[in-house]
1. Only bridges whose two residues both fall in the chain count here: according to DSSP, what percent of them are antiparallel, nearest 5?
2. Lys and Arg at +1, Asp and Glu at -1: add these up for the other residues within a Cβ distance under 10 Å of Ser83 and post the number.
3. For region 504-616, what's the relative contact order in percent, using C-alpha pairs closer than 8 Å and at least 6 residues apart?
4. Hey, what's the Cα Rg ratio for region 253-453 versus the globular rule of thumb, 2.2 N^0.38 Å?
5. Which of the GluC sites (Glu not before Pro) across region 227-281 are loop residues per DSSP, with 12 or fewer other Cβ within 10 Å?
6. Given all pairs of different Cα atoms, what value in angstroms does the Kirkwood hydrodynamic radius of region 171-292 take?
7. Any idea what the dipole of region 458-604 comes to, in debye rounded to 20, about its Cα centre with Lys/Arg Cβ at +1 and Asp/Glu Cβ at -1?
8. Around Lys457, under 13 Å between beta carbons, what's the net of Lys plus Arg minus Asp minus Glu among the other residues?
Amino acid sequence: MCGIVGYIGKRQASPILLDGLRRLEYRGYDSAGLALSNGRGIEVLRRAGRIENLRKLVAETNPRGEAGISHTRWATHGAPTDSNAHPHRDQSGRLAVVHNGVIENYQQLRDWLKTEDHKFSSETDTEVLAHLIGYHYDQSEEQDPVQRLVGAVQAALPRVKGTYGIAVMHEDAPSVIVGARLGSPLVVGLGADEHFLASDVSAIVAHTKDVVYLNDYDVVTITRDGFDVKHLEGGEARVTVSRVDFTEDDAEKGDFPHYMLKEIHEQPNSIRNAMRGRLSRDEATAILGGLQMTPQELRQVDRIILSACGTACHAGMVGEYLIESLARIPTEVEIASEFRYRNVPTTKDTLQFVISQSGETIDTLAALREAKRKGIKCLGIVNNVASTIARETDGGIYIHAGPEIGVAATKSFTSQVAVMTLLSLLLGRIHHLSSTDGLELIDELEAIPDKITDILKQAAHIKQIAEKYAHVDGMLFMGRLINYPVALEGALKMKEISYIYASGHPSAELKHGVIALVKPELPSVFIAPHDAVFEKNISNIEEVKARKGPVIAVATEGHPHIEKVADDVIYIPRCPSALSPLLTVIPLQLLSYYIAVARGCDVDKPRNLAKSVTVE
Ligand code: M6R
């Protein structure tokens, strides 16, 4: 989604802004721009397309300035053109704004501003916001330009319906940048003789690890020497300085050609991190203090709702199987975008979890708010500890996967599944799961990272299979029980990065319609580990083969007879079926990755997609 980077200090701003934008590239965008203030005025440079286009423009014009704001835009109102790119100026041309989010009442505001003789040069909601702030600035009788600018922001924003994270500069106040947020994240970076504003901390972590995550309705003023946070309605706001716990290298590709491949290979460690300090052999259970619920409170839970989008939703579906089989608590997955508009029946002891890597997905956030509105206790399963969802939930479980930059979620999926296994173990152990079964699960869980390493060693074999099928137009993914969500996840990965149409199905659904599609040009991927439904999967594979459909099988080692029915087999190590999604998903991630590479796709930045979907 859109990205914001602001800088004020002693250094030239443009290299810092361009580097920060590059670090936000993964979020998805289609144009970029920056505004620099050098005491003589504000210079705005904008380009449609990649940040590289903006970089070239900066190199040609060599703009100077030790304060600046910049932006990557993902088009919502108006096409991705130079003139729709941010920053936008106000009517006077002396104020510049960058904005993340959506101004829902922009048309009414625009019509009203036109009656005040304002002229617009773009189709965006952001330009309306710039004009609105500029209008209040021009109307103000305040003499001090900094106070006047802060006052204009405080006067304009309550008139706006929608979401925003903004950074604003004015030629009259070259020593400040003003920021504000409502529903779109914004963080202040604290440096020596310099300060930063960013929509995501990864944009500024190369410069500082001391940050202040702004809250909704905060209005911040940053200068070279300090910062000040006020409430939108006036008065001082609550400020907490946090320390970022990852380095810029964690957010770099290292020796890997793509973030996605790096993140796939990080999974043995990210799963270890998800489990670290959370397993008790003595009590054969999991310790999840972040839930902030006593065993008595947990024992009362009679229904669980898991809400999420995309990959996180698939992880939730795995969680449903785990919780129901280990703890026998009725559990349902509600797609967050549906839940927010539905009226899901709940009980007094329903417990809801929202699952989100970014913690900023707007539909998941709305599901959380809807649950709270209805009095449902709602916890988070989140990666980004500073995110809005992390802050608005009553507690939860951090997955500690580290920064996930590739748009295609990989390590966050396995870490979400890992923590839901811990949750199921904990819930199981306060109900009827025996300590013997609990300990066995712990042993098996602790063995999972090394088993993933073994699967990763087969990358060359999976690449060969990928190259064999890279030309196809479509693919089917089949799985049963706990591996049905893995089929959905495999299909999602394939679609989003290789642009091959793919769909996931419970294997037995084949006969109910999908089989009509089977033909020699349409490969089917069967997730068929050696579990209670293995033989059923074999029958389904035979049905596909009888119709000349090619089959790629993900199967358990030690059962080579599957090679008699499938064209290609990728083996995973043995494991209990409850944990199998942690292994079966790995070959599917690699398969989609290598197919996308073979097709020449931009793996880390697939078309039309954003890493974090912060607008509805
Ligand atoms: O940040 P979140 O986990 O809330 O994101 C949810 C989905 O937008 C995300 O999983 C999306 O489906 C990914 N692109 C899948 O790879």
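1. On the way: 60 of 100 bridges.
The antiparallel fraction comes to roughly 60 percent.
2. Numbers: positive: Arg46; negative: Asp82, Glu123, Glu127.
Around Ser83, the surrounding residues sum to -2.
3. Numbers: 122 pairs, mean separation 22.7, N = 113.
Computed value for region 504-616: 20 percent relative contact order.
4. Numbers: Rg = 16.2 Å, N = 201, 2.2 N^0.38 = 16.5 Å.
Here the answer is 0.98, to two decimals.
5. Values: sites: Glu233, Glu236, Glu248, Glu252, Glu263, Glu266; in loops: Glu233, Glu248, Glu252, Glu266.
In loop regions of region 227-281 (DSSP not H, G, I, E or B), the sparsely surrounded GluC sites (Glu not before Pro) are Glu233.
6. Working: mean 1/r = 0.0575 Å⁻¹.
Here the Kirkwood hydrodynamic radius works out to 17.4 Å.
7. Numbers: 14 positive and 16 negative charges, 50 e Å.
It comes to approximately 240 debye.
8. Numbers: positive: Lys451, Lys463; negative: Asp450, Asp454, Glu557.
So the surrounding residues net to -1.
Each reported figure results from applying straightforward, stated rules to the coordinates on display, with no laboratory input. Because the structure is a prediction, the values reported are computed rather than measured. Quick reminder, even Gly has a Cβ in these numbers, built from the backbone with ideal geometry, and neighbours come from all protein chains shown.
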